[in-house]
1. Between beta-carbons, use under 11 Å as the cut-off and find the net charge around ASP151, counting Lys and Arg +1, Asp and Glu -1.
2. How much accessible area does HIS252 have with a 1.4 Å probe, in Å² rounded to the nearest 10?
3. If the cut-off is a Cα-Cα distance under 12 Å, which aspartates and glutamates reach LYS33, setting aside same-chain residues fewer than 8 apart in sequence?
4. Give me a comma-separated list of calculated 3J(HN,Hα) values for the range 243-253, in order, Karplus coefficients 6.51, -1.76, 1.60 applied at θ = phi - 60°, integers in Hz, x for any Gly or Pro.
5. Beyond a 24 Å Cα-Cα separation, which of these cross-linked pairs lie in this structure: LYS16/LYS189; LYS189/LYS248; LYS16/LYS78; LYS218/LYS248?
6. Would you grab the residues whose amide H sits under 5 Å from the one on ARG181? Only those 5+ places off in sequence or on another chain, please, with H modelled 1.01 Å from N.
7. Quick one: length gained pulling ARG54 to ASP197 fully straight, 0.36 nm per residue minus the C-alpha distance?
8. Taking the Cα atoms of the range 1-266 alone, what are Rg (to one decimal) and Dmax (as a whole number) in Å?
Amino acid sequence: MAKILVVTSGKGGVGKTTTSAAIGTGLALRGHKTVVVDFDVGLRNLDLIMGCERRVVYDFVNVIQGDATLGQALIKDKRLENLYVLAASQTRDKDALSAEGVGRVMDELRESFEYIICDSPAGIEKGAHLAMYFADEAVVVTNPEVSSVRDSDRMLGLLASKSRRAENGEEPIKEHLLLTRYSPDRVNKGEMLGVEDVEEILAIRLLGVIPESQSVLKASNQGIPVILDEQSDAGQAYSDAVERLLGKETPHRFLDVHKKGFLQRLFGGRE
């Protein structure tokens, strides 16, 4: 049975789209037929990070409004057989999304895919609400800073009360915490919250900790999901998170300050 997973946060710029692309790619790498859907109408960044921006002809809003079929709008990833993208519209406003229209597209996607990853816009406006409304599971992305964590706490309240599952009295959305841009060195200096601090505030299962890394920006600029950079700490951390999402017990890494060896200190190490 298909599973709808929303990647959400209360604050912008925390790495939701990077996370959506990484998780979608990671699931496809493991043989699961996956589609990543961009709900950020008007801004549209998912296709850039997935490296398919030049191939967007029809988008999510076109499908909702009947201007194109789902088959016309879905973009098949060139790297992975099981991965597809449904881009957002850059020219419409967020009112172009409706609960009825989104629900119809989700039902159609359920027929063909194992995982539907909904890349939510930040905040609590209409696009974000519709991205979470149909979800079975949620990945709440936050940075280790007070304002980001506080906004994520508010999103948890909305996930618990504003979803279709909540309205129908069904089992609640399963929530996961993903901590991004984490620097153990800065935690030790008191410049950011530690993992335990964030877990204590939000009280949801820790899916993964993504270290602060230049490889994330580099991958985004190249249109390659960072999980495909297997040499980077961030790529490995996202891979671990996907394993946990699939129910595997995987120890958390990159939580402590990494001590470089003599040669690394001399010549520099890759992030």
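The values are calculated or read from the model by the stated rules, or taken from the named source; none is laboratory data. Given the structure is predicted, the values throughout are model-derived calculations rather than measurements. For neighbour counting, all protein chains shown are included, and Cβ atoms are generated from backbone atoms with ideal geometry for every residue, glycine included. Ligands, DNA and RNA are excluded from the accessible area calculation, which covers all protein heavy atoms including side chains. Shrake-Rupley method; radii C 1.70, N 1.55, O 1.52, S 1.80 Å.
1. Neighbour charge sum, excluding ASP151 itself: +1.
2. 70
3. Of all the aspartates and glutamates, those that pass the test against LYS33 - Cα under 12 Å, at least 8 places apart if same chain - are ASP77, GLU81, GLU111, GLU114.
4. In residue order, the calculated couplings are 4, 5, 4, 8, x, 8, 7, 10, x, 6, 10 Hz.
5. Violating the 24 Å limit, Cα to Cα: LYS16/LYS189; LYS189/LYS248; LYS218/LYS248.
6. Sorted by chain and number, the residues that satisfy this are ILE210, GLU212.
7. This chain segment gains 47.3 nm when fully extended.
8. Cα radius of gyration and Dmax of the range 1-266 are 17.9, 62 Å respectively.
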